Amino acid sequence: KQMVLCIISSIMCLLKSLAMHGCSLTVQGMNLRCLCITKERALIGRLIGAVEVNLASSYCTEVEIIATLVKSEKKICLDPEASWVKKVLNLRITWTRCC
């Protein structure tokens, strides 16, 4: 029992140290926190090149939609509740299935 407490204490110290230095936790390349802090609601559909959808999971309870802009290759988080985002996703799913 004392060994388990020692391990837990060590893990807590490590996590605190990482948080203080601004490090994010990753396991085999997977980020252990939500990536999207702010979400874009403005209509930018024509500027989007690629779309990545991260489903809700144990480390982030929200669906995250990350778009890569065509010209700048900048990544922007989109609001999954915005009607235009839903339309873009449906069009891309339909286009992927048919072509």
Summed over the other residues with a beta carbon less than 12 angstrom from that of L55, with K and R at +1 and D and E at -1, the charge totals -3
Starting from the Cα of L91, move 7 Å in the Cα-to-Cβ direction to define the label point; list residues of segment 32-66 whose amide nitrogen is under 19 Å from there.
40-53, 65-66
Remind me, relative contact order of segment 50-99 in percent, using alpha carbon pairs under 8 angstrom and six or more residues apart?
23 percent
What spacing in nm lies between the two simple spin-label points modelled at L43 and T68, each 7 Å away from Cα in the Cβ direction?
2.6 nm
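Values quoted throughout were computed directly from the atomic coordinates according to the rules given, and no laboratory measurement underlies them. Just so it is clear, the structure is predicted and the values come from calculations on it, not from any experiment. As a convention, Cβ positions derive from the backbone with ideal geometry for all residues, glycine included, and neighbour counts pool all protein chains shown.
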